[in-house]
Every structure is written in structure tokens, then in C-alpha cells.
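Enquirer: The structure's right below; bear with me while I get my questions together.
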Amino acid sequence: MNIEKSKHLFQLASQIIPGGVNSPVRAFKSVGGIPPFIAKAQGAHIWDEDGNKYIDYIGSWGPMILGHAHPDVIKAIQEVAVNGTSFGAPTKKEITLAEMIVDRVPGCEMVRMVNSGTEATMSAIRLARGATGRDKIIKFDGCYHGHGDSFLIAAGSGALTLGEPNSPGVTKGTAKDTLIAQFNEIETVSELFAKYSNEIAAVIVEPVNGNTGCIPPQNDFLNDLKNLCNKDGTLLIFDEVMTGFRVARGGAAELYNVIPDVFTFGKVIGGGLPIGAYGGKKEIMEQVAPSGPIYQAGTLSGNPIAVTAGIETLKLLTEDSYKILEENSQYLNNGVQNIIDENEYPLWQERVGSMFSLYFHKGPILNTKDVANCDFEAFNSFFHGLLNKGVFIAPSQYETGFISLAHSKSILDETIETIYVTLKELFVHV
Ligand code: KE4
């Protein structure tokens, strides 16, 4: 595959942008090689500057659930843009998007728009601390909630990929208020509650881990979390930036029928434009300025173009859409599982709705400790084997793949065949 233009662009970019990218995971640091510079995208496909075409399973890390450049979304963006791009004043479409979120998410009665998932989680933590008067939070090893200081402790996604679980620049004062538990190990949470009773403002969790690769909650883990929080007057925050409107129409809260006190959202609700949101019970959210004392603000919050793209995306995510996503995601999973079973490959799949991971690990994956035991070298070879054949999966074992409504059965068949050939190449040499 000729990637001369991307190679040249990466050299140029690396001279004026840290690592040549505006978000670390894009740099291929863990898998090696040169990241393709993308020229355009349509449906399930992206093209790089050298004209190479890929089936895309990154989907901008979640937002592109309809597929890239959906005509209705693009048309709506074009129509709204001509009327101005930002006003710093309220618009009626912000009410529409808020209503659509509240209508879909069980237990979410009020919502505030921000500009990224990180802003949403930072704000949610400040809200929890302000509402409870407590300082400490519990997060889970490997979970990633954006790059806010309180979260860059045993963080996932790019932080894990870079092998720097604790980022320089996070003060000891901040780090001491972040307690770490293990996902799917409820006893690691109850131990912290026993030790820090009445000191914990919030437990924040990705209800389905997406930043350690895809890891579902086992059994009653989420409900057990909620009970521990209720008992100690702690707020439970579901970070649904990735799972929201992805794993079900009402997100993980609907899928698992566990309602947190506060939600964070992003990705899908912006249709690919910069957006985030946090929400929850009215009596909690009304403590946010200006209705309450807990301050949070943003120049471009509720931006009319991002909000329009989000409205159009949610409009097209009907109940049938989720049935199609579920059917097609299961189809891909079955296709890959047949290959694993027929060849007895040491691989493990996890999937929730249209988010999935293929782990180079024999046996179940319950949390990030298991992911750490994956064969990263084999994954990296697999990643490049697929990329060179036109299938673009997440460039890290610690990331999740995404299927969109544009990933038709024929595209999934092409993917399954490419995975079959690549695994054959890989395990012949192993
Ligand atoms: P952003 O600030 O990147 O919009 O959202 C942060 C965030 C918060 N919570 C969850 C559960 C998330 O998955 C994210 C961001 N996800 C990563 C993907 N692993 C974004 C990709 C990147 O960092 O480039």
C-alpha cells in the first residue's frame, strides 16, 4: 500500500504539532508505523491522502454511528451554518437536543451541553463534589474519562496505550482524591467505602468499559455499585460518552436497567462535531450555575452546528436502527468466532451492541488486568495486516471498535474474510 503522502504529512505535522497529531492514540505509537492522513469519508469507508480506501471501524471513536457523511446530517449542517456559526446566546435547538436526550435516557431529567466528553466528566465530578461537600472520587483501573487531572490516574485509552497510567503534571494534591478500584470486582469498591466512608463524592464508571478495549459489566456489578453509593450518600456517575445512544437507544442505563445519579455524554450526540453533555436528576442539576452555585461555563457550549448535527443523528437512530446494529454486530462476531473456533486461535471477543474488541488473549477479559496479559506483539501484527488489506481497526488493544449503520452485510463479509486471511498469515509464523 502506497502511503508516501501520509508519510510526508506526518513528518510535516510532527514539526508543528506534538507527535504530529492532535490526540495521542492517532499517532500509532503502540502499533508502530505511519498513521494514514484521512482525506475523506463516506458511509463505512475512509480514504487517505494517497487514495487508499479502508473499511473504518474507528468511526471517529464513536460519533459516526450512522456512518460517515450521512446526507441528512450534512444537509442539516449546511442549512444551519448559513445562518451563523455561534452566537453566545441561547437558541431553540439547544432545547430540542436536551429534550431528545431526556426523552431517551432513563433517569435523566435535565442536561447541560458542553464541548467535549472531558468537559462533561470534569463538570460532573465538580457537580458531585459541590453537591455532597466531599472531595474523593472512585474511578476504575483502566477506565478513561477524558484528560481532566482527576482522571489521569490509572487511566485507559491513550494513557494506557502510552504506558503512562499517571500523567506528569497531575499534582499529588489532585491524585490523593482519586481512589482506584477494579472493574467487575465489587469488593475492591466496598473496601474503599469502608476505609473512606462519608468522604466519597462520586463513583464514576464507564458502565461498559470502552477504553480498555470493550469489557461488559458482569452480573450485578452496576447494581451493586449503585447500592454501595446509595448507602454512603455518594453519587453514581455513568460516563456514557461512548456507550450513550450507542449500546441502546437509552444507553447503558437502559440496557442494564441501572439508573445513576449523573450521566455524561458526548460523541453520538454531536454527530461528529465537538460536543459533550452532563445530566441527571433535576434536584442535582439545578445546583449548576446559574440556577445554583456550582460553576461551569463554555463559549461554544450548545453550539448551533454541533447541536444540529446531534439532533439529526438522534432522529435517524430509531428503534429499528438499534435492531439493525445489533443484528449486524452479532453477524460480525459470529463470523470471527467461527474462525477462532475452527482454528483454535488464542483469541477472545467481547461485544456490547455495536462496540466490540478482539483480544489476543485466551479466555475471558474481566478488567484491565486481563488486557495487560494480551499478546500485544501479535495484536500489532494483526492491526497492520488488516490495515494493509484495507481494514482500519483501532490502533491499540486498549481501544474499542465501532460498527455503524453503514456497515452492510457485504462489508462485514469482506471484513471477516480479511480477518481470516490475516490470522492465517499471523499464526502460520507464530
Ligand atoms: P473527549 O474529551 O475525547 O471528547 O471525551 C473523553 C472521554 C470521556 N469518557 C469516555 C468513556 C471516553 O471514551 C472518552 C474519549 N474516548 C477516546 C476513545 N478511547 C477518545 C479518542 C481520543 O482520545 O483521541
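The values are calculated or read from the model by the stated rules, or taken from the named source; none is laboratory data. Just so it is clear, the model here is predicted, and its values are computed rather than measured. When we count neighbours, we look across all protein chains shown, and the Cβ atoms used for this are built from the backbone with ideal geometry, even at glycine. Just the protein is used for accessible areas: all its heavy atoms, side chains included, with ligands, DNA and RNA removed. Shrake-Rupley method; radii C 1.70, N 1.55, O 1.52, S 1.80 Å.
Enquirer: Counting only the heavy atoms of the protein chains, how much of Tyr256 is accessible to a 1.4 Å probe, in Å² to the nearest 10?
Expert: Surface accessible to solvent at Tyr256 totals approximately 70 Å².
Enquirer: List every residue whose amide H lies under 5 Å from the amide H of Leu66, counting only residues 5 or more places away in sequence or on a different chain, with H placed 1.01 Å from N in the peptide plane.
Expert: The answer is Leu405.
Enquirer: Right, here's the next one. Do the sum for the chain: with -39,500 (n - 2.57) for every DSSP H run of n ≥ 4, divided by all residues, what is the mean residue ellipticity at 222 nm, to the nearest 500 deg cm²/dmol? List each step's numbers first, then the result.
Expert: On the way: 15 runs with 168 residues, N = 430.
One gets -12000 deg cm²/dmol as the mean residue ellipticity at 222 nm.
Enquirer: Excluding residues on the same chain fewer than 8 positions from Lys195, give the lysines whose Cα lies under 24 Å from its Cα.
Expert: Lys195 reaches Lys136, Lys139, Lys172, Lys176, Lys226, Lys231, Lys369.
Enquirer: Quick query: amide H of Asp50 versus all other amide H atoms, modeled in the peptide plane; which residues come in under 5 Å with a sequence gap of 5 or more or a different chain?
Expert: Amide H neighbours of Asp50: Ser6.
Enquirer: Keeping all protein chains in place and using 1.4 angstrom, which order do Trp348, Trp61 fall into by accessible surface area, from largest down? Intermediate results must be reported in sequence, preceding the final value.
Expert: Values: Trp348 80, Trp61 45 Å².
Output order, biggest surface exposure first: Trp348, Trp61.
Enquirer: Right, next: DSSP loop (so not H, G, I, E, B), at most 14 other Cβ within 10 Å: list which GluC sites (Glu not before Pro) in the range 309-344 pass both filters.
Expert: Working: sites: Glu312, Glu319, Glu326, Glu327, Glu342, Glu344; in loops: Glu344.
Those satisfying the criteria are Glu344.
Enquirer: Could you identify which residue out of Leu152, Leu255, Leu12 has the top mean-square fluctuation in a GNM of the chain using Cα springs shorter than 10 Å?
Expert: Leu12
Enquirer: Just how much of Phe28 is accessible, in Å², when a 1.4 Å probe is used and the result is rounded to the nearest 10?
Expert: 10
Enquirer: Between rounded, prolate and oblate, where does the range 324-401 land on the alpha carbon gyration tensor, with a ≥ b ≥ c its root eigenvalues, rounded for a/c under 1.5, else prolate if a/b exceeds b/c?
Expert: Numbers: a/c = 1.32, a/b = 1.15, b/c = 1.15.
Rounded, since a/c falls under 1.5.
Enquirer: With the chain treated as a Gaussian network of Cα nodes joined by springs under 10 Å, which of Ile46, Ile186, Ile365 yields the largest mean-square fluctuation?
Expert: Ile186
Enquirer: At 1.4 Å probe radius, can you tell me the per residue accessible area of the chain in Å²?
Expert: Working: 17760 Å² over 430 residues.
I get 41 Å² per residue for the chain.
Enquirer: With springs only between Cα atoms under 10 Å apart, run a GNM on the chain and tell me which of Val73, Val31, Val82 wobbles the most.
Expert: Judging by the Gaussian network model, the answer is Val82.
Enquirer: Which loop-located chymotrypsin sites (Phe, Trp or Tyr not before Pro) does the range 80-152 contain, where loop means any DSSP state but H, G, I, E or B and the Cβ has at most 15 other Cβ atoms within 10 Å? Don't skip to the answer; put the middle values down first.
Expert: Numbers: sites: Phe87, Phe140, Tyr144, Phe151; in loops: Phe87, Tyr144.
When the chymotrypsin sites (Phe, Trp or Tyr not before Pro) of the range 80-152 are filtered for loop state and at most 15 Cβ neighbours within 10 Å, Phe87 remain.
Enquirer: A further question on this structure: How would you classify the range 187-278 from its alpha-carbon gyration tensor, with a ≥ b ≥ c the square roots of the eigenvalues: rounded for a/c under 1.5, else prolate if a/b is greater than b/c, otherwise oblate? Show your work: numbers first, answer last.
Expert: Values: a/c = 2.20, a/b = 1.77, b/c = 1.24.
Because a/c hits 1.5 or more and a/b exceeds b/c, the range 187-278 counts as prolate.
Enquirer: By its C-alpha gyration tensor, with a ≥ b ≥ c as the square roots of the eigenvalues, how is the range 48-175 shaped: rounded for a/c under 1.5, else prolate for a/b larger than b/c, else oblate?
Expert: On the way: a/c = 2.24, a/b = 1.26, b/c = 1.78.
Oblate, because a/c is 1.5 or more while a/b does not exceed b/c.
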